[in-house]
Structures are given as structure tokens and as C-alpha cells.
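One structure is given below, encoded as C-alpha cells.
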Amino acid sequence: MNNDILNQSIEFIKGVGPARSKLLSEELNLKTVKDLIDFYPYRYIDRSRFFKINELPKNQSEVQIIGKIKSVKRTKVRFRNRLNCEFYDETGKVDLIWYRGFNWVEESLKTNEEYVIYGKLSWFGNNPSIAHPEIKTKDSFNRNIPRRLHGIYSSTEKLINEGVTQKYFIKIIYNLLNSLQNQIKENLSYNILNEYNLIDRYKAIINIHLPESQELLSQSSKRLKFEELFFNQLGFQLTKNERIQKLNGFKFEKVGDNLNQFYKNSLPFELTGDQKKVIKEIRNDFRDGKQMNRLLQGDVGSGKTIVSIMIMLIAIDNNFQSCILAPTEILANQHFKSIKELLSGLDIKIDLLTGSVKTKDRKAIHEDLLSGKTNILVGTHAILEDIVKFKNLGLSIVDEQHRFGVAQRAKLWKKNSPPPHVLVMTATPIPRTLAMSLYGDLDISSIKELPPGRITTKTVHKYDKNRLSVFKFLREQIKKGRQIYLVYPLINESEKLDYKDLMDGYESIVREFPRPDFQVSIVHGKMSSKDKDYEMGRFINKETQILVSTTVIEVGVNVPNASVMVIESAERFGLSQLHQLRGRVGRGNEESYCILMTKDNLSEDSKIRVDTMVKVSDGFKLAEVDLKLRGPGDMMGTKQSGALKFKLADIIYDSEILNNARKCAYKLLESDPRLTKKENYPIRHEISSSSNSKNLWRYIS
């Protein structure tokens with residue numbers, strides 16, 4: 001399609017004009033011709049179906065009825081006139097109501113003449129009514145039968161009040177598409193269309209807006225979803241190919257004394273098969289001379305930290321430095337302590353750099369990094385500061401990577417030239433379709449096996465009404481010398497959300513577990529790092545038996561003696577987050593428990609989520625269920641959700657189309673890396689002209 005026409009304002013489309021153009025821009029962000037073409041209906045109605053009045057559905061769906069008007073009268077309700085018509089068929093009556101603009105309607109309606117009415121049904125008790133229906137004489141309807149399927153477009157109350165109705169959308173889009181008949185060009189090759197049985201682009205766009213049949217609507221939807229996902233996957237593949245071809249990586253060819261000594265003398269347990277497989281995959285990356293960019297996903301407690309330590313030792317054995325980037329100071333401190341403890345028998349210098357490190361100590365760390373004295377740096381965002389420079393950074397590890405953006409990962413690349421190898425880790429298992437859509441430029445490794453001896457945490461669901469029995473159980477656990485987490489979703493009370501808040505919870509726990517018999521700590525995100533560390537230190541050192549917290553302890557806290565996790569308002573959390581919290585217990589040798597506390601009345605979705613947590617301990621299975629229940633944007637949080645906003649495609653339900661699009665993109669670039677073959681010119685043109693794809697142009701130009 002001509003790019004100038006695409007970018008033209010919609011005010012020049014027949015039937016729009018300046019006033020409605022401004023309104024559509026403000027209400028729906030529709031500004032250009034392309035915006036309107038891509039403004040697809042969100043559902044469709046079938047205008048070939050007619051209802052009998054006694055068969056009308058008991059909901060607010062659109063219905064179409066044939067019948068006669070028995071009476072027409074004006075009434076006044078709260079100082080406003082309205083027009084009421086009694087509309088009958090042989091089975092019953094429905095009221096037709098107009099609140100405005102009804103003078104012409106009143107003049108044109110005739111009693112005892114057959115009409116076809118269409119509109120949105122409302123119910124007042126057992127009485128059905130339709131406000132502002134579309135109404136035609138049966139003769140007129142038969143002469144001008146509307147298209148069988150009608151699209152329904154997203155709208156707002158303001159648009160409807162200004163006369164921008166569904167009928168209006170259909171009219172202006174019909175006018176637009178007719179005027180562009182020769183302008184909408186194909187953006188896929190004919191080879192791809194044939195191989196995947198896809199209809200051409202113009203036909204797909206016409207039939208997604210104005211479908212001639214259900215079959216053509218299905219074909220159009222499939223075609224446009226494939227196109228959307230294909231260019232998404234093509235972008236990932238082009239980025240990845242560019243990195244592989246142009247970014248040389250450091251070669252870590254030898255396994256030296258540090259790794260061998262650690263493996264023989266300090267490894268706390270026998271490696272699982274999955275851990276060995278992942279280390280082998282990473283070693284292959286290290287040897288091939290290309291920069292590694294790999295995602296390691298592993299369930300809670302699967303042993304990702306041991307893998308990261310072993311590959312850092314390989315880097316050190318090859319005379320390179322490593323760093324670990326963590327999202328919180330709690331997690332950074334945890335990594336620092338556990339790595340230091342595990343590597344205590346080796347001559348390796350490990351430093352910790354966070355926002356809390358004093359200026360004097362920070363300066364010393366900077367000097368040791370630059371001189372090469374420091375072998376491993378553990379830290380938070382402080383590592384990303386420009387002042388932090390390494391002598392020879394060869395490996396960067398990003399933990400809980402979904403909390404960091406792509407730009408932050410890129411900052412790590414710039415810490416050395418050529419860029420260091422990058423391993424990003426997550427303890428939130430990611431379903432395959434989601435991983436393809438978010439991290440298509442990364443190679444993916446998974447650890448699913450748990451280390452031997454890891455005890456499965458018992459998960460139970462308790463309602464608010466069971467609270468006293470839960471408190472009794474907690475006292476019994478404390479008598480046995482165990483410690484307890486109590487996690488709340490909110491810091492302060494919300495007027496809108498009926499959930500337990502942290503401060504109220506802390507006060508009630510202190511009342512139930514009074515000093516001096518019990519000691520209670522509190523930790524939340526609004527505390528200073530110093531205060532958080534102090535409270536966490538008390539809990540870790542067994543000075544307090546109960547830690548009341550927000551989800552700040554979701555990752556990174558490792559207290560083997562803590563055997564009970566109580567999650568308040570568990571219905572508020574997604575499955576992946578509940579699973580992360582559950583992973584804070586079951587780290588010692590004692591049986592551990594996760595208690596999900598909820599309000600007494602749960603929605604159906606909440607009940608499914610809580611029941612699933614009780615039954616399923618596998619994080620990968622939970623992630624699949626979570627994806628279906630909450631959707632990808634909610635599951636991954638706001639930072640990642642922007643990457644998942646497709647116009648038509650849904651990665652949950654369109655996984656087969658996504659797989660085909662991915663294979664197609666890979667195969668295409670394997671045979672024509674720069675898209676220079678004549679048959680691929682439409683794809684090249686799309687990349688060069690589309691605002692969504694033009695940043696990929698540098699990879700093929």
C-alpha cells in the first residue's frame with residue numbers, strides 16, 4: 001500500500017471530516033488511514049438469524065425480530081420525553097424505546113405493518129425492551145438484505161452520543177476499503193501463501209471487516225494472525241542472526257582448576273540430568289566464538305544458582321570476570337552470601353555492589369574491578385552505572401530477568417568489547433508460546449528436575465473462618481523450633497479492595513503471638529535497605545519466629561529453618577507468584593507447609609486458581625494454567641505486556657499459527673538472509689515501510 005495514503009489523516013475519508021476525526025482520535029486513538037484499516041471488529045453477529053419473542057435470550061445480546069407495531073406513544077420520565085412502541089409477534093411483546101431524535105421515527109412508523117427490528121436487548125424483570133433499534137419494513141429489508149455477518153467495533157459512550165454508531169463504522173470502513181482496492185498490496189511471498197494456505201491480503205482485510213461468509217471470516221482471521229506473528233518472529237530471527245554473525249564472543253575453551261576443585265570438593269549435591277544438560281549447552285556456546293544470549297528457566301529450588309556458579313568458574317579459569325545482576329538488595333545479598341560460602345575453599349575474590357554500599361567501599365570495588373582483582377561482582381542496578389568498569393568482563397548473569405528491561409540488558413553488553421556472554425535466569429517458568437513471543441531472540445534452556453532430597457511442600461487452602469485453627473497450627477510449629485512467613489498483598493489499607501493489609505496484619509499477629517514468648521519481624525518495600533536488612537537478619541539468625549512481609553520476599557530469601565508460608569488474600573495473586581512464594585519454604589530437611597488464606601466467598605476464577613495451587617506443585621504446569629486464566633500481559637507484568645499486544649493474534653489460542661510463523665521466518669532467513677530474492681520483495685517492502693518493522697531494516701539493507 002502507498003505509504004503516503006497509509007499515513008493520511010482519517011478526516012479526508014468520506015463520511016468523517018474534521019470534527020469526527022478529532023473525536024475518533026481522542027476516544028479510540030484512530031488518526032490515520034492505517035489505524036482505521038487495522039481497527040478490526042472484536043466480535044461478529046449473524047444477521048441471518050431471527051428470534052421469536054418468547055425465545056429471546058435472558059441477556060443483553062443483539063437480536064433480530066419480525067413483527068408488527070401495535071401502538072406508538074410519547075411518555076415523560078423525569079422531565080424527559082421518550083417514545084414507546086409496543087412490538088408484537090405471534091409469541092409475545094417487546095417494548096421499543098427512543099430517548100432522543102425520535103420525531104422522524106414517530107412520523108414514519110405505522111401500526112399493523114410488518115417490520116424487521118434489530119438491536120441490543122435489555123430486561124426489566126420479565127419484560128424485554130430494545131432501545132434505539134434499527135427498524136426497516138419487511139419489504140425494504142427483503143430488497144436490501146444486509147450482509148449476513150456484521151462486525152462489532154469497540155466504542156465509547158461519547159462516540160455513541162455523537163452519532164458514531166456501529167452502522168457508521170461499517171459505512172466509513174466500507175467507503176475506505178472500496179477506495180483502496182488497488183492500493184492494498186501483498187506483504188508475503190506467494191510461496192508462503194501457498195505453503196500455509198493463506199488468502200491474499202486485500203481479500204483478508206475486506207472480509208475481516210465485512211465478511212461475506214463465516215468461512216471467509218475464518219480464512220481472513222487466520223491470514224492476518226499469521227502475518228502479525230510472522231513479522232514478530234521475523235524480527236526476533238533477524239536480531240538473533242545479526243548478533244550471531246556480527247558479535248564475536250569470548251572463547252572459554254578450557255575447564256581449569258577452579259571448576260575441577262569445586263566439583264570434587266564443594267558441590268553440595270549430585271547434579272541432576274537437567275543441570276548437566278544446561279551446563280553442556282552453555283559450554284557449547286562458550287566454545288563456538290559467538291556471543292551467548294541464553295535464557296535459563298528453572299522451577300523454584302531447581303538449582304539454577306549452582307549452574308551459574310559453575311559457569312562463572314569456567315569464565316574465571318579462562319581469565320575473565322563475571323557479574324550477577326539481581327533486582328533487589330535482598331536477592332543480591334543472598335547471592336553474595338551463598339556464592340561466598342560455596343566458593344570459600346577457592347582463591348576467588350567476590351564483591352557486592354548495591355545502592356547501600358558506602359562511597360569509600362564503592363571506590364575500592366571500582367578499583368578492584370578495573371585492576372582485575374575482583375573475579376565475581378554481585379549487585380543490583382548499581383552495576384549498570386557508567387562508572388562501573390571491568391578489566392575483562394566475560395560473563396553477565398541477570399537473575400529474575402523479567403524484572404529488567406531490554407535496555408538494561410544492553411547496558412551489560414557495553415561493559416566490554418566484544419560484549420560478554422549473557423545468561424538471563426528466571427524462576428518463573430514460562431510457557432513455550434509466551435517464551436517465543438517475548439524472548440524469540442534468545443536460546444532457551446530449562447531445568448525441570450529438582451535436586452535429590454528436596455521435599456515437596458504441602459499446600460492447603462483455608463478460609464478466613466478457619467483463622468483460629470491456623471493460628472493454633474502456627475504455635476505448634478513454633479514450639480518445634482520452626483519459623484513462619486506471613487505474606488500480605490498490600491502495604492496500606494485500600495478503600496476499593498477488600499484485602500488484608502500488611503500493617504493491620506502485623507498488629508493482629510503481635511496480639512496473637514505476644515512478646516516475650518514470641519518475636520515478630522516486619523519487612524516491606526517502603527522500608528529503607530538498612531531497616532530491611534536488620535529485620536531479615538533477625539529472622540535469618542532465628543531471633544524472630546515470624547516474618548510479616550509483602551511480596552518483597554518472593555525471591556531470594558533462603559531460610560532453611562522456615563517451614564510454613566501463610567499467604568493472606570491468596571486469591572489476589574497469580575499462580576506463578578503464589579508458586580514463587582511457596583518456594584521460600586521447603587528448603588531444609590523438615591516437612592514444610594504453604595497455607596493459602598482467602599475470603600469465604602470466592603469468584604470462580606479465584607477458586608480454580610487456589611484449587612490448582614493445592615493440587616499442582618510443578619511450576620511449568622502452573623505457568624500454563626496461569627497463562628490461560630490471566631493472559632500473557634497480566635502474567636508477565638506491565639514491563640513485558642507491551643511486547644504482547646497483537647491486533648488479532650492471541651498467543652494462548654493461536655499457538656499453532658505462532659509455531660508455523662516461527663518455522664516460516666526461520667526457513668525464510670535460512671534460504672535468503674537479506675531477503676534479496678525477487679519473490680521476497682513484498683516482505684522487504686513491508687519491513688522498510690511499516691512503522692512496526694522499520695527498525696529491522698538495518699538487518700537486511
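The values are calculated or read from the model by the stated rules, or taken from the named source; none is laboratory data. This one's a predicted model, so the numbers in the text were calculated from it and none came from an experiment. Note that we place each Cβ from the backbone using ideal geometry, even for glycine, and neighbour counts take in every protein chain shown. We work out accessible area using only protein heavy atoms, side chains counted, and drop any ligands, DNA or RNA first. Shrake-Rupley method; radii C 1.70, N 1.55, O 1.52, S 1.80 Å.
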Handout entry: Spatially proximal aspartates and glutamates relative to K171 (Cα-Cα < 17 Å; intrachain offsets below 8 disregarded)
Key = E11, D35, D38, E134, E162, E212
Exercise for the section: Tally up the carbon and sulfur contribution to the accessible surface of the chain as a whole percent, 1.4 Å probe, everything protein left in place. Expected result: 47
Problem - Set of lysines near K76 by C-alpha distance (under 25 Å), chain-local residues within fewer than 8 positions excluded - result: K68, K93, K110, K120, K158
Practice task
Measure nothing fancy, just the Cα-based angle from helix 529-540's long axis to the longest principal axis of the chain, in degrees from 0 to 90, nearest 10.
Solution key: 70
Handout entry: Where labels lie 7 Å past Cα in the beta-carbon direction, separation of S266 and Y681 in nm
Key = 6.2
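Here is the link list: K240/K411; K360/K526; K225/K290; K340/K621; K360/K530. Which ones come out longer than 23 Å on Cα distance?
As for pairs spanning more than 23 Å Cα to Cα, those are K360/K526; K225/K290; K340/K621.
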Exercise for the section: Run down the lysines and flag those whose C-alpha is under 22 Å from the C-alpha of K678, throwing out any fewer than 8 positions away in its chain. Expected result: K185, K663, K667, K694
Exercise for the section: Would you mind checking the tilt of helix 467-479 against the longest principal axis of the Cα atoms of the chain, expressed as 0 to 90 degrees and rounded to 10? Expected result: 10
Handout entry: Relative contact order (%) - the chain, alpha-carbon pairs under 8 angstrom, separation at least six
Key = 12
Handout entry: Calculated on alpha-carbon atoms, Rg and Dmax of the chain in Å
Key = 31.5, 99
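How long is the gain from K663 to R148 if the chain were fully straight, where each residue apart is worth 0.36 nm and the alpha carbon distance is subtracted?
On the way: separation 515, 0.36 × 515 = 185.40 nm, distance 3.59 nm.
Separation in residues times 0.36 nm, less the Cα-Cα distance, equals 181.8 nm.
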Handout entry: Among beta bridges that DSSP assigns inside the chain, antiparallel share in %, nearest 5
Key = 40
Completion exercise
Ordered by number, the trypsin sites (Lys or Arg not before Pro) in the range 530-580 that occupy a DSSP loop and have at most 14 other Cβ atoms within 10 Å are K542
Completion exercise
Amide H neighbours of C594 at under 5 Å, excluding residues fewer than 5 places away on the same chain, with H built from the backbone geometry, are K458, T459, V460, M565
Fill in the blank from the handout: Ignoring ligands and nucleic acids, F518 exposes an accessible area, probe 1.4 Å, in Å² to the nearest 10, of 30
Handout entry: Exceeding the 31 Å Cα-Cα cut-off - candidates K304/K647; K254/K391; K254/K414; K222/K615; K31/K677
Key = K304/K647; K222/K615; K31/K677
Completion exercise
Which of K58/K465; K448/K542; K280/K415 exceed 29 Å between C-alpha atoms? The answer is K58/K465; K448/K542
Practice task
Rounded to the nearest 10 degrees, what's the angle between the helix 502-512 long axis and the longest principal axis of the chain, both from Cα atoms, 0 to 90?
Solution key: 60
Exercise for the section: Give the calculated FRET efficiency between K203 and D618 to the nearest 0.05, with a Förster radius of 56 Å applied to their Cβ-Cβ distance. Expected result: 0.80
Practice task
Describe numerically, in nm with one decimal, the distance between label points set 7 Å from Cα along Cα→Cβ at R283 and at F79.
Solution key: 8.5
Exercise for the section: Could you give the size of the charge dipole of the chain about its Cα centre, using +1 on the Cβ of each K and R and -1 on the Cβ of each D and E, expressed in debye and rounded to the nearest 20? Expected result: 560
Exercise for the section: May I ask for the equivalent-ellipsoid semi-axes of the range 161-285, computed as the square root of five times each C-alpha gyration tensor eigenvalue and listed largest first in whole Å? Expected result: 55, 18, 15
Handout entry: Per residue value of the accessible surface for the chain (all protein chains in place, 1.4 Å probe), Å²
Key = 48
Problem - Which of F12, Q545, T380, positive extreme of dipole for the chain (C-beta unit charges) - result: F12
Problem - the chain: calculated mean residue ellipticity at 222 nm from DSSP helix runs of at least 4, using -39500 (n - 2.57) - result: -12000 deg cm²/dmol
